[in-house]
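In what follows, a structure is listed as structure tokens, so that the remarks can point back to it.
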Amino acid sequence: MRFQDTPELAKWRTQVRSFVDTNWRAHAKPNEDEDSMEGPTDESRTKVWLDKLAENGWLAPAWPKQYGGADMSVLEQFVLNQELHEAGAPTSRQMLNLVGPTIMLHGTDEQKAEHLPPMLRGEVAWCQGFSEPGSGSDLASLQTRATRDGDDYVVNGQKIWTSGAHRADWIFMMARTDPDAPKHRGISYLLVNMKQPGITVRPLINMANGHVFNEVFFEDVRVPIRNRIGEENRGWYVGTTTLDFERSNIARAIAARKNVEKLAKYSRARDAAGEPVTRSYKLEIADRAVETSVCELLSFVVISIQARGGVPNMEASMCKMYGSELSQRIALTKMHVTGMKGQYRRSDGLEQTLGTSSAMEYLQVVPATIAAGTSEIQRNIIATRGLGLPRG
């Protein structure tokens, strides 16, 4: 495992930093905090920035150049992601690196031409229709049906925890096209226009009063067969498509480190203001600081495996599980350190230096160990694929 850049990567890092300084930091508002967990709120600035990334092929760096990417190696992607996240700059458009690679690898030329360019330009919004009530961790048990009728499928069923469905123009989804086949072999992968009749989106408001997730209901929704990606009944294998993306989770590690650094700064400010944080809580901050270093090291392990041409499996699960659980520990430590003041939904005074309300952050990180694979699933992968333990 390497901790230092090669001369080529060092030159690449300098190039990226120069680009970030010119196109992102130079346009920051006065006193803007680039480390804020909330991120910048200037939508016009963000759009200009993302367009600049797209011009360079850096919005989807692993994509082939013919589709608007940059054909980057995993190490080049790693350096790019490091520098963008260190600067607090946006790195991608929603769902770009989920549905994009699937269309690229399994789609027809017509499907690629129709969907990939507007996706990169940010002209359409996508959401993912995979999870269903009762079909989350065991996704292959999904029950949404797509029945052939002439040149269309007629879709009926329900999806849940659909991020951004209330703003989406299209949904990429899995539906059961052969109910009699073994559960992994009777599923097809469909692209569905969200603006057509028969689709109802119902919001799911979380405990932090945020609207990210939705339920999506399909009632006799007609989907042209030409909108199927890959073969009929082979959608499960299409849906598990991955290209050689950098999946080190370095973004989460950097965010955790910055979060703890701001918490330490807040603690020092409390000392200076004559309201010192107790020693036990300062030790708790120190523990979190050590853990953020561990989180970054796990990211280096994953990227090192990929750089050697390997496929991180157990290691990627370790990285995801550790990072998501760390985010919850950091939020709990913030609540301890800020005390009663931290329970306000809107922070003021010294608490504003944390960049976000401790109470809101505590509520927002609850799903961290559920989304993108629960901690229980990650532990199963580590146990069976990593340690060779028998399945329970």
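General remarks:
- Amide H contacts of MET194: TRP170, ILE171, each under 5 Å away and 5 or more positions distant or on a separate chain (H built 1.01 Å from N in the peptide plane; Pro and chain starts excluded).
- Among the trypsin sites (Lys or Arg not before Pro) found in region 104-199, those both in a DSSP coil and sparsely packed, with 11 or fewer other Cβ atoms within 10 Å of their Cβ, are LYS195.
- Cα long-axis angle, helix 43-56 against the chain (0 to 90 degrees, to the nearest 10): 70 degrees
- Here the translational diffusion coefficient of region 1-140 follows from Stokes-Einstein with Rh set to the Kirkwood radius across Cα pairs; for 37 °C and 0.692 mPa s it amounts to 195 µm²/s.
- Value of [θ]222 nm, deg cm²/dmol, for the chain, DSSP H segments ≥ 4, -39500 (n - 2.57) each, nearest 500: -13500 deg cm²/dmol
- Estimated vicinal HN-Hα couplings, Hz - region 153-170 in sequence order (Karplus 6.51, -1.76, 1.60; Gly, Pro = x): 9, 10, 9, 9, x, 9, 10, 9, 6, 8, 5, x, 4, 6, 10, 7, 8, 9
- Close amide H pairs (under 5 Å, H built 1.01 Å from N) link ILE229 with TYR189, LEU190, LEU191, residues at least 5 positions away or on another chain.
- Extending 7 Å from the Cα toward the beta-carbon at both MET207 and THR14 defines two label points whose distance is 5.0 nm.
- If the segment from ALA113 to VAL301 were pulled out straight at 0.36 nm per residue, it would be longer than the present Cα-Cα gap by 64.0 nm.
- Per residue convex hull volume, Cα atoms of region 256-320, in Å³: 68 Å³
- In this structure, the amide hydrogen of LEU59, modeled 1.01 Å from its nitrogen in the peptide plane, lies closer than 5 angstrom to those of ALA54, counting only residues at least 5 positions away or on a different chain.
- Each Lys and Arg adds +1 at its Cβ and each Asp and Glu adds -1 at its Cβ; summed about the Cα centre, region 7-92 shows a dipole of about 300 debye.
- Gained length - ALA251 relative to ARG345, 0.36 nm times residue gap less alpha-carbon distance: 31.3 nm
- Rg/Rg_globular for region 250-386, with Rg_globular taken as 2.2 N^0.38 Å and Rg from C-alpha atoms: 1.17
- Rh by Kirkwood over Cα pairs, then Stokes-Einstein D for the chain at 1.002 mPa s and 20 °C, µm²/s: 94 µm²/s
- Tilt relative to the chain, helix 96-106 - C-alpha long axis, 0 to 90 degrees, to 10: 30 degrees
- Pairwise Cα distances in region 125-239 exceed 20 Å in 35 percent of cases.
- The chain: angle of helix 250-272 to the longest principal axis, Cα-based, in degrees nearest 10: 30 degrees
Rule-based calculations on the coordinates, nothing more; no lab input. This is a predicted model, so every value here is computed, not measured. Note that each Cβ is placed from the backbone with ideal geometry, even for glycine, and that neighbours are counted across all protein chains shown.
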